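S.K.: Provided herewith is a single structure, encoded as structure tokens, for subsequent inquiry.
Quick note: the coordinates plus some simple rules give every number you see, no bench work behind them. Owing to the predicted nature of the structure, the values given are computational and were not obtained by experimental measurement. Quick reminder, even Gly has a Cβ in these numbers, built from the backbone with ideal geometry, and neighbours come from all protein chains shown.
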Amino acid sequence: MTSAETLELRAQNVTVTFGGASPALRSVGVTIRPGEITAIVGPNGSGKSTLLRAMGRLLRPTDGAVLLDGVDILKRPTRELARDLGILPQSPIAPDGLTVVDLVSRGRDPQRRFDQWAASDEDIVSLALEKTGMLELAHQRVDDLSGGQRQRAWIAMALAQETRVLLLDEPTTYLDVAHQLDVLELIQRMNTVDDATIVMVLHDLSMAARYADRIIALSDGEIVADGTPQEVITPAVLATVFDLEATVILDPLTARPHVLPGRRLGARG
């Protein structure tokens, strides 16, 4: 994978409004630092997925812009942008009957020249399958896989794409704890071994604190807190963002914050 050292993704005063409703995002400005894992957290309806989708060009901002290396992503050709920036939306759906190896091979599309399949493409797909533990399932249909296997297949596709920045919308949704750990460990290896910059939306605050270098907390379409896990996962921030009384302890395995929920403080829905 190409080094992500100098590739910077930045949301610049991004506002997103759907119809006549109140803005889902309100002039959000954030710079994703290259080489880090950034987790976006917040209650339902806070704008987490909207921000991620805007940064991945799945949504057009009502106002503001998203810049990659200083260039508005809306002005870059789709195939060219896909070489640098990838996004896995929540619960992606593969075409009926598609096998794992076919899905992962599609990750090579932005990188191939003149649509020609080369031996190097084959090697990259095989390596992506190996890294995600999917080699033995390469010829299984995606829709026959378990939830954890399916997530690993999609992540293998992202690995094969060799994007320098990868956006993941709730990659652990519907997975049990063991499979959550599998997926997050894989994402961490993509960051440390393959030098990928990762931005992911997560619901589990303790998991976010365990795996992210940086956490951005959203509420009502605005950034409320932005910093290290130790700076963001605090009782005060949890009360403000989630309307939650909680105790925060240090995880004895990682020395990262771990959240022990107490009670709701108000009547937020």
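S.K.: Please identify the DSSP H helices in the chain that span no less than 15 Å along the helix axis (Cα) and have a mean Kyte-Doolittle hydropathy of -1.0 or more.
M.R.: 119-131, 147-161, 177-192
S.K.: Could you work out the helix-only [θ] at 222 nm for the chain, with each DSSP H run of four or more residues adding -39,500 (n - 2.57) and the total divided by the number of residues, to the nearest 500 deg cm²/dmol?
M.R.: Only helices count here, giving -9000 deg cm²/dmol.
S.K.: Positive end of the charge dipole of the chain (Lys, Arg +1 and Asp, Glu -1 on Cβ, about the Cα centre): tell me which of L184, I198, Q140 has its Cα farthest that way.
M.R.: It is I198.
S.K.: According to the Kirkwood expression over distinct Cα-Cα pairs, how big is the hydrodynamic radius of the range 138-189, in Å?
M.R.: 11.6
S.K.: Would you look at the GNM of the chain, springs on alpha carbons closer than 10 Å, and say which of H179, H258, H139 moves the most?
M.R.: Greatest mean-square fluctuation among the candidates belongs to H139.
S.K.: Continuing with this model, one more query. Could you pull out every residue, at least 5 positions away or on a different chain, whose amide H is within less than 5 Å of the one on D63? Hs are placed 1.01 Å off N in the peptide plane, and Pro or chain starts have none.
M.R.: Here T15 satisfy the definition.
S.K.: Still on this structure: Starting from the Cα of R83, step 7 Å along the direction of its Cβ; do the same at L58; then give the gap between the two resulting points in nm.
M.R.: Between R83 and L58, the simple spin-label model gives 2.4 nm.
S.K.: I've got another one for you. If you look at just the Cα atoms of the range 132-226, how large are its Rg and its Dmax in Å?
M.R.: Radius of gyration, then largest Cα-Cα span, for the range 132-226: 14.1, 45 Å.
S.K.: Fewest to most neighbouring Cβ within 10 Å: what's the order for L67, L166?
M.R.: So the residues, fewest neighbours to most, are L67, L166.
S.K.: With +1 on the Cβ of every Lys and Arg and -1 on the Cβ of every Asp and Glu, and nothing else charged, how large is the dipole of the range 217-269 about its Cα centre, in debye rounded to the nearest 20?
M.R.: With only Lys, Arg, Asp and Glu charged at Cβ, the dipole is about 240 debye.
S.K.: Mind giving me the nanometre distance, one decimal, between the label points for E130 and F18, set 7 Å out from Cα along Cα→Cβ?
M.R.: 4.3
S.K.: OK, next. To the nearest 20 debye, what charge dipole does the chain have about its Cα centre, counting +1 at the Cβ of each Lys and Arg and -1 at the Cβ of each Asp and Glu?
M.R.: Value, rounded to 20: 600 debye.
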